[in-house]
Amino acid sequence: MNAPLRVAVTGAAGQIGYALLFRIASGQMFGPDQPVILQMIEIPVDKALQALKGVAMELDDCAFPLLQGMVLTSDPTEGFKDVDWALLVGSKPRGPGMERADLLKDNGKIFVGQGKAIDDHAADGCRVAVVGNPANTNAMIGASQCRRIPATNWSAMVRLDQNRAQSQLANKAGVQTSDVEDIYIFGNHSPTMFPAFHLAKINNKPAPDVIGDKAYLEGEFCETVGKRGAAIIAARGASSAASAANALVDHVRDLCTPGKIHSVAVKSEGQYGFHPDVWAGLPVRTTADGYEVVEDLSMDAFATAKIKATNDELVSERETVAEMLD
Ligand code: NAD
Ligand code: LMR
């Protein structure tokens, strides 16, 4: 058995937290030989921490062999102490009629404090995955507070968008999701994101050839994937939770699996025309000690215009939170 990994989860008593913790504790995120200690962070102390005690009782009741300890706290110093991974879920979800960017001012400040606390207290080499919206820009805010933990250790989640795009293509082509490969998300976790269908393969053939409907791919497909979060809020009355937790399991597991190519929002270094100071969804290849962006994928005029639009939005979000960046 390996030494246990310490994993912080913020917002642990929330919707996503409830769908996530049991999957981490059962080994689905870090593998069947990797014990974990869950460091669960909730505020406010009275109500949310009380609810978290109930969640911890349920975790206990599962008797997970890999769960070697639990910390329940409202204090980021204690919560992030020595952690190897910090999963930043805790923040407000949007309601009906809102865009994720409407959460910027309220949620952004959470990531100022948590970025500092991670830099001060986490283990060397701690890796961070941001889920709380607007995820790309929150990751940028958090990473900007760090001096010790490098920006390349921070990521934000666009994997839910990749999974959604994969399912939509499979449904349209009448195949299984496992027949669809190489579908990647470029840009913001927002309706401007670009699910790059021109790179995707269905049973090893170019997806546009298999689907044979350019108007659908450029229109309905991009719109359905980009607005899926809002469609779920309209249908469910609450934002996606189980699928978001599932995507975070995929995101972290693939970031721990060298050779995997998957969509992750990372600090841009100017690839594909993204501004070098924004955090953009990009295809990354996991390496032995991190990731590298997959460069030089072909972009046609439609793709270039879509990337420009999502980059412009990320640049404008950056300007909105300029005072939160260190
Ligand atoms: P929720 O309201 O059910 O849970 C959020 C929890 O976070 C609450 O229990 C709250 O008490 C806690 N919290 C708030 N501020 C905190 C802080 N500073 N420290 C610790 N805990 C704190 O919300 P949810 O449905 O779990 O969603 C959480 C976030 O994830 C939202 O911002 C939502 O929009 C986002 N989200 C992102 C994606 C994605 O693909 N990136 C997908 C789904 C949801
Ligand atoms: C999603 O994509 O489901 C989440 O980001 C929640 C939301 O606000 O859409």
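The values are calculated or read from the model by the stated rules, or taken from the named source; none is laboratory data. Here the structure is a predicted model, which is why all the values come from computation and not from measurement. Here the Cβ is made from the backbone with ideal geometry for all residues, glycine too, and neighbour counts use every protein chain on show.
Couple of notes before you dig in:
Every residue, every condition in (1) closer than 26 Å to G142 by Cβ; (2) under 23 Å from the mean Cα position of the chain (by Cα), yes or no:
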{"position": "M40", "(1), (2)": "yes, yes"}
{"position": "I43", "(1), (2)": "yes, yes"}
{"position": "K47", "(1), (2)": "yes, no"}
{"position": "G54", "(1), (2)": "no, no"}
{"position": "D61", "(1), (2)": "no, no"}
{"position": "P76", "(1), (2)": "yes, yes"}
{"position": "V83", "(1), (2)": "yes, yes"}
{"position": "P96", "(1), (2)": "no, yes"}
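- Sole residue being in contact (Cβ under 8 Å) with a residue 60 or more places away in the chain, more than 16 Å from ligand 1 (Cβ to nearest atom), within 23 Å of D254 (Cα to Cα) and buried (at least 24 other Cβ atoms within 10 Å of the Cβ), chosen from A165, A196, A135: A196
- Looking at region 35-113, the strands (runs of 3 or more DSSP E) lying wholly inside it that each contain 1 or more residues that are more than 19 Å from A238 (Cα to Cα) and without any contact (Cβ under 8 Å) to a residue 60 or more places away in the chain sit at 36-41, 67-73.
- Verdict on K105 being within 8 Å of ligand 1 (Cβ to nearest atom), modelled with pLDDT under 95 and not aliphatic (A, V, I, L, M): no
- Qualifying residue in region 272-294 (condition: touching a strand residue (DSSP E or B) at 6+ places or on another chain (Cβ under 6 Å) and in a helix (DSSP H, G or I)): no
- Residue selection: G125 fails the criterion of being at pLDDT 95 or above, within 14 Å of ligand 2 (Cβ to nearest atom) and not in a helix (DSSP H, G or I).
- Number of residues in region 151-187 that are touching a helix residue (DSSP H, G or I) at 6+ places or on another chain (Cβ under 7 Å) and among the polar types (S, T, N, Q) equals 7.
- Condition check for A139: within 15 Å of W85 (Cα to Cα) and not in a helix (DSSP H, G or I): no
- Here the condition is being within 13 Å of ligand 1 (Cβ to nearest atom) and not charged (D, E, K, R); of I233, I211, I183, it holds for I233 alone.
- Take the conditions (1) part of a loop (DSSP other than H, G, I, E, B); (2) touching a Pro at 6+ places or on another chain (Cβ under 8 Å); (3) of a type in the set (V, I, T); T257 misses just one of them, which is (2).
- Checked against (1) more than 10 Å from ligand 1 (Cβ to nearest atom); (2) in contact with a strand residue (DSSP E or B) (Cβ under 6 Å, 6 or more places away or on another chain); (3) over 30 Å from P191 (Cβ atoms), C62 meets all criteria but (2).
- Evaluation of K92 against (1) farther than 30 Å from K201 by Cα; (2) more than 16 Å from ligand 2 (Cβ to nearest atom); (3) basic (K, R) (one fails), failing number: (2)
- The residues of region 244-263 that are within 16 Å of ligand 2 (Cβ to nearest atom) and out of contact with any strand residue (DSSP E or B) (no Cβ under 8 Å at 6 or more places or on another chain), listed by number, are A244, A245, N246, A247, V249.
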